[in-house]
Amino acid sequence: MLKGREINQSTTKAILNLLGKTGIFWALVLLFVLLSFIKPEFMRMNNILNIFKQASITSILGIGMTFVLLSGGIDLSVGSVVALSSVVAAYVGIAYPGAPLLLCFGAAILVGLLCGLINGAGIAWVGFPPFIMTLGMMGMARGAAQVFTGGVPLFGVSSQFAKVSGGMTLGIPNLVYYMAVIFAVSYLVLRKTIFGRRVYAIGGNADAARLSGVNVKAHILSVYMICGALAGFCGMLMASRITSGNPTAASAYEMDAIAAAVIGGVSMTGGAGSVLGTIIGAVLLITIQNGFDILGISPFYKTIVQGGIIVLAVFIDIKSKSKK
């Protein structure tokens, strides 16, 4: 009798553990089913593709944020870095119309890498708290974008430049392909490499990782550079999407990136989470916004719901860690 009870308890714990790990996925499925029941047009292929297209930039930024959060840090500057990278990419595209698009991508990613390098160096070697360092970079990058453009958008990009984000291949938006490739590479890096395991170890216990021979400072610098590079990549995508370099672009995108990661199960205290969860979290956020649009609900409620979901996700994370 006792043995049977132990088996039942073990089974229940396994089921709860599985639901805890896959809960965000089932929440997304439930939301899809609910919205399709209320508004059948929600499940039209054009609308589904639009959801994934809208979620692409948030997902890529969220993946960069995932690297940082896993290490126990945070990056509040990614939205401003996207804006600065976008105006630099647009400037290169306008100033050198015959140059290959890879030059625009390279310029945007280089700007992001530089911002990430400054963030990482300030945090790892100078000792600034991540919140303060990246908050400062948020202001500096946004200000630099304003100075670079004189506060006005840069127009005149080529049609090829615009197709980087606006085009479609085999009926699927190009943005979705970018998201898929970056997800696949990031997943392999975090799950199948020594670097990825060390990032998790640093987020779990930086002192223990250091005593185990891990170069904590170098890895912290690396995750901020990865986050910056992905923000720079998103800057190019943003400039292509809006066909201009706008210094006010990507406002509050850092909150969307953090929300996607946290809702997807990435711990704010580091050491736990995955890029797959981040992708699902980003799609969930955009699905909520899309549902509000279809139902004719004011988009202002989206911010309230998003904030509530973040608080709930962090609360669950805190409780699960306290139980452990």
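At-a-glance table
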| read-out | value |
| --- | --- |
| Any hit, region 229-239, residues being among the aromatic types (F, W, Y) and crowded, with 17+ Cβ neighbours inside 10 Å | yes |
| Any hit, region 119-130, residues being of a type outside the set (S, T, Y), touching a Leu at 6+ places or on another chain (Cβ under 7 Å) and at pLDDT 95 or above | yes |
| Residue match in region 153-164 (condition: surrounded by 13 or more Cβ atoms within 10 Å (Cβ to Cβ), touching a strand residue (DSSP E or B) at 6+ places or on another chain (Cβ under 9 Å) and at pLDDT 90 or above) | yes |
| Residue match in region 44-53 (condition: among the charged types (D, E, K, R), in contact with a strand residue (DSSP E or B) (Cβ under 9 Å, 6 or more places away or on another chain) and either under 18 Å from I182 (Cα atoms) or free of Cβ contacts under 8 Å to residues at least 24 places away in the same chain (or both)) | yes |
| Filtered residues of region 275-309 (kept if buried (at least 20 other Cβ atoms within 10 Å of the Cβ) and either under 21 Å from S186 (Cα atoms) or touching an Asp or Glu at 6+ places or on another chain (Cβ under 8 Å) (or both)) | V275, G277, T278, I279, I280, G281, A282, V283, L284, L285 |
| The one condition in (1) out of contact with any Gly (no Cβ under 9 Å at 6 or more places or on another chain); (2) surrounded by 12 or more Cβ atoms within 10 Å (Cβ to Cβ); (3) modelled with pLDDT of 85 or more; (4) more than 30 Å from A218 (Cα to Cα) that G79 fails to fulfil | (4) |
| Residue list for region 40-68, filter: crowded, with 24+ Cβ neighbours inside 10 Å, β-branched (V, I, T) and more than 9 Å from the chain's Cα centre (by Cα) | V68 |
| Any pair with Cβ under 6 angstrom, 6 or more apart, that starts in region 278-301 at a residue that is within 18 Å of P40 (Cβ to Cβ) and ends at one that is modelled with pLDDT under 85 and part of a helix (DSSP H, G or I) | F292/K302 |
| F183 vs. criteria in contact with a Pro (Cβ under 9 Å, 6 or more places away or on another chain), surrounded by 14 or more Cβ atoms within 10 Å (Cβ to Cβ), touching a residue at least 40 places away in the same chain (Cβ under 8 Å) and on the phi < 0 side of the Ramachandran plot | no |
| Filter pass, F32 being touching a Leu at 6+ places or on another chain (Cβ under 8 Å), of a type outside the set (S, T, Y), assigned to a helix (DSSP H, G or I) and touching a residue at least 60 places away in the same chain (Cβ under 8 Å) | no |
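The values are calculated or read from the model by the stated rules, or taken from the named source; none is laboratory data. Just so it is clear, the structure is predicted and the values come from calculations on it, not from any experiment. Positions of Cβ are generated from backbone atoms using ideal geometry, with glycine treated the same way; all protein chains shown enter the neighbour counts.
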